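The values are calculated or read from the model by the stated rules, or taken from the named source; none is laboratory data. None of these values were measured; they are calculated from a predicted model. Cβ: placed from backbone, ideal geometry, glycine included. Neighbour counts: every protein chain shown. Surface areas here come from the heavy atoms of the whole protein model, side chains and all, with no ligands, DNA or RNA. Shrake-Rupley method; radii C 1.70, N 1.55, O 1.52, S 1.80 Å.
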Amino acid sequence: MQEFTKNDKMVHLVQANHNLLPVIHRFGIRLGFGNRTVEELCLAYEVNSDFFLAIVNTFNNKNFFPKDRLLSFSPLLLVDYLKKTHQYYIDYSLPRIEKLIHRLLLSTPKQNSEMQMIEKFYLSYKKKLIEHFDEEEQDVFPVVEKLVLHPEEVKNTSFDSNFEEEHEHVDFELDDLKNIILKYLVPEYDELVCNKLMEEICHFERDIHDHSRMEDAILIPQVKQLLNAVE
Ligand SMILES: [Fe+2]
Ligand SMILES: [Fe+2]
């Protein structure tokens, strides 16, 4: 798979993979790209183009993970990107999935207990996921920001994270949600809504997997390194 470069037209990125559009938005870069290249638009929006390309290329190709390059950027860039990603999940991805589950349930003739189980499972998943985001935003991201900006204030802070484990749960539970729908949905339902829901869940699964990978493989090692440096 190709690797996008600074000289590529931004339009080309979205034409190659329309799923990149939300990622581009997370950097504050808006449509109306004209003929401008990645480098020109990053400059106009004051975005670090090397970091932008590392994120976009990683998102675009699951086999591409330039670990050393990603580790070399300031953790502040990554924290900012991760926060915007959480916001995107809360504002768009989760509500879209929720609405589709609801429409799917309404499209069946009767609401039996299996059908209600689908909605219940999803709601409990969403609750746990939002708690996970909150924990990261309250306990992890501020420590990273402090370590970079005011390291003297963070002396003697221990940092234990079980995020890798939590991230595995996030993956498993999305898979379970798909399986529950595939196994228990009653045969009378709106086919279009069902297809769209499966598409959304798979899309979200890929996105959040990429997000968790950034946290496990890049952010956590960066935090540990910064903590070692202040000790
Ligand atoms: Fe996160
Ligand atoms: Fe996470």
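Things to note:
- Of the GluC sites (Glu not before Pro) found in segment 115-219, those in coil by DSSP whose Cβ has at most 11 other Cβ atoms within 10 Å are Glu188.
- The chain - mean residue ellipticity at 222 nm from DSSP helices (-39,500 (n - 2.57) per run, n ≥ 4, rounded to 500): -21000 deg cm²/dmol
- Note on Val11 and Glu199: the extension gain reaches 65.3 nm, defined as 0.36 nm multiplied by sequence separation minus the Cα-Cα distance.
- Cleavage-rule hits, GluC sites (Glu not before Pro), segment 1-52, DSSP coil, Cβ neighbours within 10 Å at most 11: Glu46
- Count of Lys pairs (Cα-Cα under 23 Å; at least 8 positions apart or interchain) in segment 100-231: 19
- Here Glu168 and Leu43 are evaluated by their C-beta separation; at R0 = 41 Å the FRET efficiency comes out at 0.55.
- Approximating the spin labels as points 7 Å out from Cα along Cα→Cβ, the Leu192-to-Val230 distance works out to 5.4 nm.
- Placing pseudo-labels 7 Å out from each Cα toward the beta carbon at Asn19 and Arg69 gives an inter-label distance of 1.9 nm.
- Kyte-Doolittle mean at least 0.0 and Cα axial length at least 15 Å: DSSP H helices in the chain: 49-60, 94-106, 220-230
- Taking all protein chains as they are arranged and a probe of 1.4 Å, the heavy atoms of Asp8 leave approximately 30 Å² accessible to solvent.
- Per residue, segment 60-204 exposes an accessible area of 59 Å² to a 1.4 Å probe, with every protein chain left in place.
- Accessible-area value, Thr5, 1.4 Å probe, nucleic acids and ligands omitted, Å²: 70
- In this view, the solvent-accessible surface of Cys194, computed with a 1.4 Å probe and all protein chains in place, comes to about 20 Å².
- Dividing the convex hull volume of the alpha carbon atoms of the chain by its residue count gives 132 Å³ per residue.
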